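Novice: The structure follows.
The values are calculated or read from the model by the stated rules, or taken from the named source; none is laboratory data. Fair warning: this is a prediction, and the values are worked out from it, not measured in the lab. Don't worry about glycine lacking a Cβ; one is built from the backbone with ideal geometry, like all the others, and counts go over all protein chains shown.
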Amino acid sequence: MYANKLKRHSECQWHIEPFDNMRVPVIIFADEKLIKMMDEKVFEQAVNVTKLPGIVKASYAMPDAHWGYGFPIGGVAGFDPEQGGVVSAGGVGFDISCGVRALRTGLIVGDIEPQKNRLADLLARRIPAGVGSRGKLKLSRREMDDMLVGGAQWAVERGYGTPADLEHTEEHGRMTGAEPRYVSDQAKKRQEEEVGTLGSGNHYLEVQKVTEIYEAACAEAFGLHQDDILVGIHCGSRGLGHQIGTDFLARMVKEARSHGIELPERELACALIKSELGRQYIGAMNCGMNCAIANRQVLTHLIRQVFAEIWPKSKLALLYDVSHNTCKLEEHVVDGNKRNLYVHRKGATRAFGPGHPLLPADLRAVGQPVLIGGTMGTASYILVGTEKNMSLSFGSCCHGAGRAMSRTQATKKWQGRDVIRTLAEQGIIVRGASTRGVAEEAPGAYKDVDEVVDATERAELAKKVAKLEPIVCVKG
Amino acid sequence: MAHWEHYPHPADIGIRGFGATKEEAFAQAALALTAIVADLQTVELKEEVKISCPPPRLAATDAGAGQEQDDEFLFVSWINALIYEMATRQMLFSRFEVRIGKPRLIGAQYLAPQFIAGSPGFTRGLSARAFGEKINVKKHSPAVEVKAATYTDLKVRQDKNGDWVVQCVVDV
C-alpha cells in the first residue's frame, strides 16, 4: 500500500519519502479532497518512476493526476543525461505533444450569440473530426519530412498562418532536433491524410467566453477581458505520434534489460538518453512534436476561414500554444547548480515563470500562459506560470480536469443525446460525429476542473488569470 | 466458450478475449477492439485484409523472459497491426481468422547452446485474415479512434481448464 506512506508536507503538497530502491521522493500536489479521490495506482506509478536511472529531485504528480501507463497522467520527472538518465516513450505517451492552443477572436459574447448555431454548423462541417475523417492536405513523403522538421513554421510557410502565430507557439513553432529518418514508414503512412484533423476521444474544438478575470494586469497583458470570445483547440500529433509511441515503446520494452535497466513496469520502458535507441527516440519524438504543432496550425487556418465567412473583418490572434505530453531538454537550477535535464511531462503542462528566456518577448515580463482544458459542460482556464514553480516541479502544472470515471462507466450512465440536450439547455451547442463518443466524454466523467485549478493555485504551481466557459463544442 | 468483453480503466478501456485456443482468444480480443469503435453487427464482411506479425525478437539478454512474455508481445503486435490497418485503410473488421505459427528459431545471432526447443530462443509469428469494410460514418457512427495497444494489464494466460484469456488496455 502506498497511500499510507503519504506525508502531508504543506496544505497542497504530499510526499512519499524514499524506501526500497526509490532514488528520490515522490511529491504530489493536491488538496485533501483531491488526494483522497486519487487512485492508489497514481501513488504506485509515481513511486515506480523514482526507480528509473538518473532521475533528479523527485517524481511529481499534479492535482489532476490519474492512473496512466507507466507514468501517471499528470506525472512530471526530469532526468540528467550525465548521470545515466533515461528517456521514456511511456513517459511521453502515445499522443506526443498533445496540447492546447487558445485564439483570441476580437469578438464578444453579443457578437456570437445570434450566430452560434451557424458557427457551430460551419465549424463541424469544415473541421475534419472523428473516426474516418481526412485532412484536406495529402502529403508526399518529401513534404511529410519537411513538415516533421519544420513544424508550425512549415505550415506558416505554406500560407496556414502568420509569423506572429509562431512567436506565440512553444519553441517558436519548430522543435529542433527532429530526425525524420527515425520515424517509421508506418508512422508516416498513418499521417498522410491526417494533417489538419482534430481526432476523437477527449480532443475538441471550442468557442469559449471569458466569464471571470482573476489577475487584471496579467489578463490585460494576455489581451483578455470579461465576455471576450476565444477559440480553444485540444489535439495532438495524430496517427504519426501514436505510431512513434507504439514503435519505440516496443523497442524499449525489449531492449531495456540489455541496457542494464530494470523496469518496475513494462510501460515504463525507457532507454539511456546517451544510447543509440535513446537518441533515435528523441529524434523521432521531436518529429511528433512538430507534427502536433503543425496540425494545430493548419486547424487554426481552417477556423479563421470559418470566422471570416461569418465576420469578414474578424482577426483571430494566437494567445499561446502549449503541449502537455512532452519530453524536453531544459535548463533548471538544482541545489544551486544549473543542470540540463530531460523533463518528461505526461499530461502536465509547462508553466514557466516571468523572465524565462523561452517565452515570447511580449509576454516575458508576465510569465507563460498556461492553458487548461476543461470538459464540454464545465470550464477551461488560462493560468500564468510563477517564478516559485521553477523550483517546485521544474515549472510544470496540471493539464485538465482529469478523468474520474472510465469510458465504460460513462456510457452506462449517460446517453449521448441526453448529454447534448442537457448542455443545449445550458446554452452550450455540441456537435459530435458520434453520440457514444459524446457520452464517453460527458462532463460528469471528469473531476471538477474548478477544484483542480484551485489546488494548482494554492500549491503555487500557477496563478489563475481567466475562466472560460464553452458556447460551442465540436467533438470528434 | 469463445467470447470477448470490455473492462474499465480510468482513462481508457480494456479488451479481453476468451477462447479454447490461443488463436481463438486473439480473434475474440480483436472483436473487442472493433467494438470500441463501432457496433460489430453494423460491419459487413466485404473486404479481406491479410495481416502478419513477425515473432517478437527479444534481445539475447532477455532470453530468460519466457514463452509467456513472447506471447504477450505477440498479442500487442497483433492489436497494433490491426489499429494500423484500421487507421490507414479506414476500415472496420468484424471477423478474424488467426494462425499462430509453430515455434521456430529466430535470428542466428541468438543461437547459443542454451536455446533448445521450447525455450525462449524459439518463438512464434502470427498470420491472420481480417474481414470487414470501409468506415461509413452514417452507417457505423464510429465513437472513437484507438491510438495504440498498451502493456498495461497485458496478459496471455491459460486458466485452470486450459482455456485462453488474453487482454490489455488500449489507449483511445
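Novice: Test of understanding: among B:ILE36, B:ILE100, which residue is modelled with pLDDT under 95 and β-branched (Val, Ile, Thr)?
Specialist: Values: B:ILE36 fails: modelled with pLDDT under 95.
It is B:ILE100.
Novice: From A:SER258, A:SER237, grab the single residue that is within 11 Å of chain B (Cβ to nearest Cβ), surrounded by fewer than 24 Cβ atoms within 10 Å (Cβ to Cβ) and either closer than 19 Å to A:ARG23 by Cβ or small (Gly, Ala, Ser) (or both).
Specialist: Working: A:SER237 fails: surrounded by fewer than 24 Cβ atoms within 10 Å (Cβ to Cβ).
Residue meeting the stated conditions: A:SER258.
Novice: Please report, ordered by residue number, the strands (runs of 3 or more DSSP E) entirely within region A:179-287 with at least 2 residues that are among the small types (Gly, Ala, Ser). Spell out the reasoning first.
Specialist: Values: elements: A:204-213, A:228-235, A:270-272.
Where strands (runs of 3 or more DSSP E) fall fully within region A:179-287, none carries at least 2 residues being among the small types (Gly, Ala, Ser).
Novice: If you don't mind, another one. Restrict the check to region A:278-296 and report whether at least one residue is out of contact with any strand residue (DSSP E or B) (no Cβ under 9 Å at 6 or more places or on another chain) and among the β-branched types (Val, Ile, Thr).
Specialist: no
Novice: Another question about this same structure. Select from region A:405-419 the residues that are of a type in the set (A, V, I, L, M) and buried (at least 21 other Cβ atoms within 10 Å of the Cβ) and list them in ascending order. Reasoning before the result, please.
Specialist: If we filter region A:405-419 for residues that are of a type in the set (A, V, I, L, M), which is where we start, we get A:405, A:410, A:419.
Of everything in region A:405-419, those that are of a type in the set (A, V, I, L, M) and buried (at least 21 other Cβ atoms within 10 Å of the Cβ) turn out to be A:ALA410, A:VAL419.
Novice: Turning to a different aspect of this structure: For region A:95-132: of the residues being touching a helix residue (DSSP H, G or I) at 6+ places or on another chain (Cβ under 8 Å) and within 14 Å of chain B (Cβ to nearest Cβ), which is surrounded by the fewest Cβ atoms within 10 Å (Cβ to Cβ)?
Specialist: A:GLY132
Novice: Right, something else. Which of (1) within 20 Å of the chain's Cα centre (by Cα); (2) at pLDDT 95 or above; (3) buried (at least 24 other Cβ atoms within 10 Å of the Cβ); (4) of a type outside the set (Ser, Thr, Tyr) is the odd one out, the single condition A:GLY232 does not satisfy?
Specialist: Unmet for A:GLY232, out of (1) within 20 Å of the chain's Cα centre (by Cα); (2) at pLDDT 95 or above; (3) buried (at least 24 other Cβ atoms within 10 Å of the Cβ); (4) of a type outside the set (Ser, Thr, Tyr): (3).
Novice: Next up: Considering only residues of region A:259-277 that are over 15 Å from A:VAL92 (Cα atoms) and among the small types (Gly, Ala, Ser), which is modelled with the highest pLDDT?
Specialist: A:SER275
Novice: Residues being more than 14 Å from chain B (Cβ to nearest Cβ), β-branched (Val, Ile, Thr) and in a helix (DSSP H, G or I): count how many of those fall in region A:34-77.
Specialist: 3
Novice: Taking A:GLY402, is it buried (at least 24 other Cβ atoms within 10 Å of the Cβ) and within 12 Å of another protein chain (Cβ to nearest Cβ)?
Specialist: Working: buried (at least 24 other Cβ atoms within 10 Å of the Cβ): yes; within 12 Å of another protein chain (Cβ to nearest Cβ): yes.
It is true that A:GLY402 is buried (at least 24 other Cβ atoms within 10 Å of the Cβ) and within 12 Å of another protein chain (Cβ to nearest Cβ).
Novice: Which of the strands (runs of 3 or more DSSP E) found entirely inside region B:1-58 contain at least 2 residues meeting this: closer than 16 Å to B:ALA143 by Cα and within 14 Å of chain A (Cβ to nearest Cβ)?
Specialist: Values: elements: B:3-8, B:13-19, B:47-53.
Where strands (runs of 3 or more DSSP E) fall fully within region B:1-58 and carry at least 2 residues being closer than 16 Å to B:ALA143 by Cα and within 14 Å of chain A (Cβ to nearest Cβ), they are B:13-19.
Novice: Let me ask another. In region A:409-468, what count of residues is obtained for those that are in a helix (DSSP H, G or I) and more than 28 Å from B:ALA38 (Cα to Cα)?
Specialist: First, the residues of region A:409-468 that are in a helix (DSSP H, G or I): A:409-413, A:416-425, A:435-440, A:443-445, A:449-458.
From what is left, the residues that are more than 28 Å from B:ALA38 (Cα to Cα) are A:425, A:449-458.
Number satisfying all stated conditions: 11.
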